[in-house]
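Read the structure below first, then the notes.
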Amino acid sequence: MAAAGRRPAPSRYYAKDVSALLPQGADTRSSRRHRRYALRGILWRESRIERVRKCGRVPAGSDGIAVIISGGVAHYRGLVTCGSVWGCTCCAPKILNIRAQEISTAVGEWVKNGGACYMVTLTMPHDAGMRLRKLLPVIANGWRAVLGGRPWTRLRRSLGIVGQIRSVEVTHGLNGWHPHLHVLLVANAEFDARGLVDLDAHITAKWNSFIIKAGYRPPSGEHGVKIVRCWSAAEAGLYIAKTDDGKSVGNEMARGDLKEGRKQHRTPFEILADFAATGDAEDLELWHEYELATRGHQRITWSKGLRQIMQAGPERTDEEIAAEEIGGDVTVMIPVALWRQITWIPGLPAAVLDAAESGGHDAIQHLVSRFGCG
């Protein structure tokens with residue numbers, strides 16, 4: 001029987017023979033997929049957002065679900081996607097990878113043509129028990145305060161700043177929720193020492209003033225405002241849209257291993273992974289607070305006209321990116337009734353893709369028959 005305040009770990013929901021199918025040992029593409037799908041399976045049951053509960057589970061039509069092979073990698077086509085860049089373990093990595101590529105490509109061309117980019121990181125004081133839904137508007141409005149008024153207009157023109165790309169990031173630690181901003185300032189040329197000092201002074205003064213007026217302690221002199229030069233396009237993309245490369249949202253979400261000290265400072269997907277591993281009801285409560293607080297908030301935004309200036313192409317919504325279908329050859333069509341059976345067996349949707357990659361139609365047929373499906 002589970003201890004009070006805890007649920008059985010979702011990993012225990014796997015039938016014994018399904019668990020034997022899960023990739024073991026090395027951190028491979030297949031093992032990461034199984035972890036993402038396993039966490040999304042948790043969301044199918046536990047999320048309080050309907051579109052997330054349907055993502056990757058509900059058929060988009062009545063014609064069935066196609067298993068597509070593209071470049072040796074299997075994918076599904078014909079399923080509903082939620083497009084949540086905050087709360088979906090499968091849509092978020094796809095969206096953030098595309099966003100990072102967009103930013104890296106645009107910044108690469110910009111810097112190659114003589115421009116420069118600077119990363120501004122802004123944080124605010126926070127304490128355990130503070131609600132995330134109240135903290136998120138504070139940091140958003142704080143940045144608007146930095147950009148407001150004639151002083152910023154004069155400074156922007158003098159430094160040749162043509163726009164900015166803003167990203168919101170959220171973690172949780174001993175002092176509660178920690179939302180913070182990464183803002184990529186795009187300029188026509190590198191700032192001189194005086195310009196950098198003026199920029200730091202303006203942002204720090206405006207940011208601190210707003211945070212204090214909002215009723216919070218003064219931001220840390222060490223961590224409240226940081227400005228660094230971005231020396232590569234990849235670095236800029238990683239700052240704004242952290243992906244599966246390095247220490248990132250996507251990577252942390254994909255890894256199922258628990259690391260020492262994770263309770264000290266965790267990403268939301270680490271919180272979800274911890275719930276998956278332990279069944280701790282407090283982690284599930286944190287996840288629910290996070291997914292509801294972030295719903296409706298934009299995670300990455302470009303200032304008006306910057307896309308055109310940097311020739312970054314047309315804007316696509318998160319939902320459009322998530323729903324974008326990958327081309328390739330259809331290996332098998334799964335009828336809707338059979339797909340419903342497959343989704344009832346945790347681990348099987350990911351295992352079907354493994355089978356498609358290793359043995360095609362016959363391997364899929366053997367696998368689903370092994371579990372009494374269709």
Item checked: Among the residues listed as Glu324, Glu320, Glu315, the single one being open to solvent by 10 Å² or more (accessible area, probe 1.4 Å), closer than 21 Å to Cys91 by Cβ and at pLDDT 95 or above -> Glu320
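Look at the range 25-65 and say how many of its residues are of a type in the set (D, E, K, R), out of contact with any Phe, Trp or Tyr (no Cβ under 6 Å at 6 or more places or on another chain) and part of a loop (DSSP other than H, G, I, E, B).
If we filter the range 25-65 for residues that are of a type in the set (D, E, K, R), which is where we start, we get 27, 29, 32-33, 35-36, 40, 45-46, 48, 50-51, 53-54, 57, 63.
Subset that is out of contact with any Phe, Trp or Tyr (no Cβ under 6 Å at 6 or more places or on another chain): 27, 29, 32-33, 35-36, 40, 45-46, 48, 50-51, 54, 63.
Checking the rest, the ones that are also part of a loop (DSSP other than H, G, I, E, B) come to 27, 48, 63.
Residues meeting the conditions: 3.
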Next item on the list: Kindly provide the set of residues from the range 58-75 that are in contact with a Leu (Cβ under 9 Å, 6 or more places away or on another chain), open to solvent by 40 Å² or more (accessible area, probe 1.4 Å) and under 15 Å from Gly327 (Cα atoms), ordered by number.
Entry: His75
Item checked: Residue, farthest from the chain's Cα centre (by Cα), within the range 210-253, restricted to residues that are modelled with pLDDT under 90, part of a loop (DSSP other than H, G, I, E, B) and of a type in the set (Gly, Ala, Ser) -> Gly221
Check: Of all residues in the range 124-167, which are assigned to a loop (DSSP other than H, G, I, E, B), surrounded by 13 or more Cβ atoms within 10 Å (Cβ to Cβ) and either among the β-branched types (Val, Ile, Thr) or in contact with a strand residue (DSSP E or B) (Cβ under 6 Å, 6 or more places away or on another chain) (or both)?
Finding: His126, Met130, Gly160
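Confirm whether Gly83 is at positive phi and either out of contact with any Lys or Arg (no Cβ under 9 Å at 6 or more places or on another chain) or open to solvent by 20 Å² or more (accessible area, probe 1.4 Å) (or both). Spell out how you get there, then give the answer.
On the way: at positive phi: yes; either out of contact with any Lys or Arg (no Cβ under 9 Å at 6 or more places or on another chain) or open to solvent by 20 Å² or more (accessible area, probe 1.4 Å) (or both): no.
No: the conditions fail for Gly83.
If you check Val186, Val162, Val107, Val146, which single one turns out to be modelled with pLDDT under 95 and more than 29 Å from Arg51 (Cβ to Cβ)?
Details: Val186 fails: modelled with pLDDT under 95; Val162 fails: modelled with pLDDT under 95; Val146 fails: modelled with pLDDT under 95.
Val107 is the lone residue from the list that is modelled with pLDDT under 95 and more than 29 Å from Arg51 (Cβ to Cβ).
Might you check whether a residue that is of a type in the set (Val, Ile, Thr) and at pLDDT 95 or above occurs anywhere in the range 277-293? Even if it seems obvious, please write down each step before you answer.
Filtering the range 277-293 down to residues of a type in the set (Val, Ile, Thr) leaves 278.
Going one step further and asking which of them are at pLDDT 95 or above, we end up with none.
Among the residues of the range 277-293, not one is of a type in the set (Val, Ile, Thr) and at pLDDT 95 or above, which makes the answer no.
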Margin query: Given the criterion in contact (Cβ under 8 Å) with a residue 24 or more places away in the chain, farther than 23 Å from Ala241 by Cα and polar (S, T, N, Q), identify the matching residue among Asn175, Asn208, Asn141.
Written below: Asn175
Margin query: Among the residues in the range 93-108, are any touching an Asp or Glu at 6+ places or on another chain (Cβ under 6 Å) and not in a helix (DSSP H, G or I)?
Written below: no
Item checked: Residues located in the range 86-98, provided they are touching a Gly at 6+ places or on another chain (Cβ under 8 Å) and open to solvent by less than 40 Å² (accessible area, probe 1.4 Å) -> Cys90, Cys91, Ala92, Pro93, Ile95, Leu96
Item checked: Out of Ala350, Ala276, Ala337, Ala356, sole residue that is touching a residue at least 12 places away in the same chain (Cβ under 8 Å), open to solvent by 40 Å² or more (accessible area, probe 1.4 Å) and not in a loop (DSSP other than H, G, I, E, B) -> Ala337
Item checked: Subset of the range 103-123 [open to solvent by 30 Å² or more (accessible area, probe 1.4 Å) and of a type outside the set (S, T, N, Q)] -> Glu109, Trp110, Val111, Lys112, Gly114
Next item on the list: Determine which single condition Cys55 fails, assuming it passes every other condition in (1) open to solvent by less than 60 Å² (accessible area, probe 1.4 Å); (2) of a type outside the set (Lys, Arg); (3) modelled with pLDDT under 85.
Entry: (3)
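Mind checking which residues of the range 168-188 are open to solvent by 50 Å² or more (accessible area, probe 1.4 Å) and hydrophobic (A, V, I, L, M, F, W, C)? Before the answer, list the steps.
Going through the range 168-188, the residues open to solvent by 50 Å² or more (accessible area, probe 1.4 Å) turn out to be 174-175, 188.
Correct list: Leu174 only.
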Margin query: For the range 285-303, which positions are open to solvent by less than 10 Å² (accessible area, probe 1.4 Å) and either without any contact (Cβ under 8 Å) to a residue 12 or more places away in the chain or farther than 14 Å from Thr171 by Cβ (or both)?
Written below: Glu291
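The values are calculated or read from the model by the stated rules, or taken from the named source; none is laboratory data. Not measured: the values here are computed from a predicted model. For neighbour counting, all protein chains shown are included, and Cβ atoms are generated from backbone atoms with ideal geometry for every residue, glycine included. In case anyone asks, the SASA skips ligands and DNA or RNA and just uses the protein heavy atoms, side chains included. Shrake-Rupley method; radii C 1.70, N 1.55, O 1.52, S 1.80 Å.
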